[in-house]
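The values are calculated or read from the model by the stated rules, or taken from the named source; none is laboratory data. Keep in mind the model is a prediction, meaning the values are calculated, not measured. Here the Cβ positions follow ideal geometry from the backbone for every residue, glycine too, while neighbour counts run over all protein chains shown. Protein only, heavy atoms only, side chains kept; ligands, DNA and RNA dropped before computing areas. Shrake-Rupley method; radii C 1.70, N 1.55, O 1.52, S 1.80 Å.
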Amino acid sequence: MATVAFHTLGCKVNSYETEAIWQLFKSSGYQRVDFETDTADVYVINTCTVTNTGDKKSRQVIRRAIRRNPDAIVAVTGCYAQTSPNEIAAIPGVDIIVGTQGREKLLEYVEQIKAERKPINAVGNIMKAREFEELDVPAFTDRTRASLKIQEGCNNFCTFCIIPWARGLMRSRKPESVIEQARKLVDAGYLEIVLTGIHTGGYGEDLEDYNLAKLLVDLHQVEGLKRIRISSIEASQITEEVIDVINHSDKLCRHLHVPLQAGDDDVLKRMRRKYTTAEFYEKMVRVREALPGVAITTDVIVGFPGETDEQFMNGYHFIKKVGFAELHVFPYSMRTGTPAARMPDQVEEEVKRERVAKLLELNQELTVAYASQFVGDVLEVIPERPYKEDPSSGLLMGYSDNYLNLVFPGTEEMIGKVCKVRLDKPGSEYCQGTFVRVLDDVRLPQLEERAI
Ligand code: SF4
């Protein structure tokens, strides 16, 4: 049996697409082997180009595959392949280069290489793409939460971001295809689906009379689906229609990831973000009215070119004022080919490190403050795996619908099920909890209380 190994860099969308590519190989009789430990006949590297470091790491992984088996067929796909196919073609040993579209032809290219051994560069002009590329993922190799890609590309062109050039313009998946995929995932045993995309909140902007709010309503029809999570949504896309759906839903998670990127209006303008801090704040107030207790998490870039100490502190105070449940903090990383990379007043690395440290400190405060609101509450948690710090501890970890990471005493058979768990002690990394019962009212044998 022919073997294939995969390595994925970057985001959830890339992980989703690797699973989809694996489905193609699987249905052609391939066996999946480990990229690091086994020798494969075919290597597929799904690359990332969000930063210059992403490019470098992608090249390192490509060379590693070639060294591992010089006779193997090496296929490179993903965002770095889309933006820089010639750089990849220059690496001796690369056989196939496919960008962020046309992956369904990969098997065909592998057969072509076997026959002719002439490298194939199948990267097309992604800016011309108008159709969403259907890639089927009925199940995931090692996950209890299923992501479902509903959207591709982005029309925003934020000045620090290369993604629109790697992924093309906004394309939405047909609603009937999203629903069908959701049904398959529920049939495969998934209770929670995470809607994902390059610009998830922009879903439907290229469709007639259809949008994210309507899709959310239609997804409620999927029997057996317990939780719907939106991986990310821009403040400008949280419409009254979306808020109304959130307000009336028993499946939508009380968690919205809304990238802020900066908390100062001058910086936001230079990033070409589509809101001001006042507009962002007003939207968060609306969301909290509709969904009390909602976890609002965010992304923040520090050290954007020209960011002064004062502008950074404006951001610091704004973040504190919004009271996010969690921050993802990123030092600005120059990406060649973006307008921001050509901007003057690039911030020194040392200054970036200080600002990252300051926001991570604030993040500690904010995560504990948010979790503290739920002490004593019984939350619905889907355990994903044993407690990673000590898998033999008899402890499980998983997320509540409002994105609190809970660790509690539990047994393997609870994994993947919706469990009722009481939050006992808030924490920044995770909260400590006590198992109450599985939601389907099946009371499991009483577990002895265990100190965590
Ligand atoms: S919204 Fe901005 S940051 Fe996000 S993918 Fe689009 S261009 Fe990049």
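Using the 1.4 Å probe convention, the accessible area of the stretch 378-438 works out to 39 Å² per residue with neighbouring protein chains retained. Translational diffusion coefficient of the chain at 25 °C, 0.890 mPa s, Stokes-Einstein with Kirkwood Rh over Cα pairs, in µm²/s as a whole number. Approximately 105 µm²/s, per Stokes-Einstein. Distances between placed amide hydrogens fall under 5 Å for Lys149 paired with Thr196, all partners being 5 or more residues away or on another chain.
The trypsin sites (Lys or Arg not before Pro) of the stretch 134-205 include none that meets both criteria, a DSSP state outside H, G, I, E and B (loop) and at most 14 other C-beta atoms within 10 angstrom of the site's C-beta. A compact globular protein would have a Cα radius of gyration near 2.2 N^0.38 Å; the ratio found for the stretch 144-288 is 1.07.
Only loop residues by DSSP count here, and only those with at most 13 other Cβ atoms within 10 Å; note down the GluC sites (Glu not before Pro) in the stretch 189-263 that meet that. Don't skip to the answer; put the middle values down first.
Details: sites: Glu192, Glu205, Glu208, Glu223, Glu234, Glu240, Glu241; in loops: Glu205, Glu208, Glu223, Glu234.
Here the sparse-neighbourhood loop sites are Glu208, Glu223.
Rolling a 1.4 Å sphere over the protein heavy atoms, what is the accessible area per residue of the stretch 38-103, to the nearest Å²? Intermediate results must be reported in sequence, preceding the final value.
Details: 2360 Å² over 66 residues.
Roughly 36 Å² per residue, with all protein chains present.
Judged by a Cβ-Cβ distance under 4.7 Å, the unpaired cysteines of the chain are Cys11, Cys48, Cys79, Cys154, Cys253, Cys419, Cys431. Under a 5 Å amide H cut-off, with hydrogens placed 1.01 Å from N, Asp136 pairs with nothing among residues at least 5 apart or on other chains.
According to a simple spin-label model (label point 7 Å from Cα along Cα-to-Cβ), what is the distance in nm between Lys114 and Asp424? With each label placed 7 Å out from Cα toward Cβ, I get 5.7 nm.
If each residue of separation counts as 0.36 nm, what is the full-extension length gain between Ser393 and Thr37 once their alpha-carbon separation is subtracted?
Length gained, Ser393 through Thr37: 125.4 nm.
Which loop-located trypsin sites (Lys or Arg not before Pro) does the stretch 32-126 contain, where loop means any DSSP state but H, G, I, E or B and the Cβ has at most 14 other Cβ atoms within 10 Å? List each step's numbers first, then the result.
Numbers: sites: Arg32, Lys56, Lys57, Arg59, Arg63, Arg64, Arg67, Arg68, Arg103, Lys105, Lys114, Arg117; in loops: Arg117.
Within the stretch 32-126, the qualifying trypsin sites (Lys or Arg not before Pro) (loop, at most 14 other Cβ atoms within 10 Å) are Arg117.
What is the Cα convex hull volume of the stretch 251-395 when expressed per residue in Å³? List each step's numbers first, then the result.
Values: hull volume 23.3 nm³, N = 145.
Roughly 161 Å³ of hull volume per residue.
Of the residues Ile21, Leu191, Ala262, the one whose Cα sits farthest towards the positive end of the charge dipole of the chain is Ile21 (charges of +1 on Lys and Arg Cβ, -1 on Asp and Glu Cβ, taken about the Cα centre). Solvent-accessible area per residue in the stretch 128-253 equals 39 Å², computed with a 1.4 angstrom probe and all protein chains kept.
Karplus-based coupling profile of the stretch 109-117, in residue order and whole Hz: 5, 4, 5, 5, 5, 4, 7, 10, 6, with θ = phi - 60° in 6.51 cos²θ - 1.76 cosθ + 1.60 and x standing for Gly or Pro. Rounded, prolate or oblate for the stretch 1-67? Axes are the square roots of the Cα gyration tensor eigenvalues, ordered a ≥ b ≥ c, and the cut-off for rounded is a/c under 1.5. Because a/c hits 1.5 or more and a/b fails to exceed b/c, the stretch 1-67 counts as oblate.
Using the Cα coordinates of the stretch 245-318, the gyration tensor eigenvalues translate into equivalent-ellipsoid semi-axes of 28, 11, 10 Å, sorted from longest to shortest.
From the cross-link list Lys149/Lys283; Lys321/Lys358; Lys105/Lys184; Lys283/Lys352, which pairs have alpha carbons spaced over 18 Å apart?
Working: Lys149/Lys283 25 Å; Lys321/Lys358 16 Å; Lys105/Lys184 23 Å; Lys283/Lys352 29 Å.
From Lys149/Lys283; Lys321/Lys358; Lys105/Lys184; Lys283/Lys352, over 18 Å: Lys149/Lys283; Lys105/Lys184; Lys283/Lys352.
In whole percent, how big is the carbon plus sulfur part of the accessible area of the chain, probe 1.4 Å, protein atoms only?
Values: 9870 of 19760 Å².
In the chain, the share of accessible area belonging to carbon and sulfur is 50 percent.
The smallest convex shape that holds all Cα atoms of the stretch 34-79, its convex hull, gives 58 Å³ per residue.
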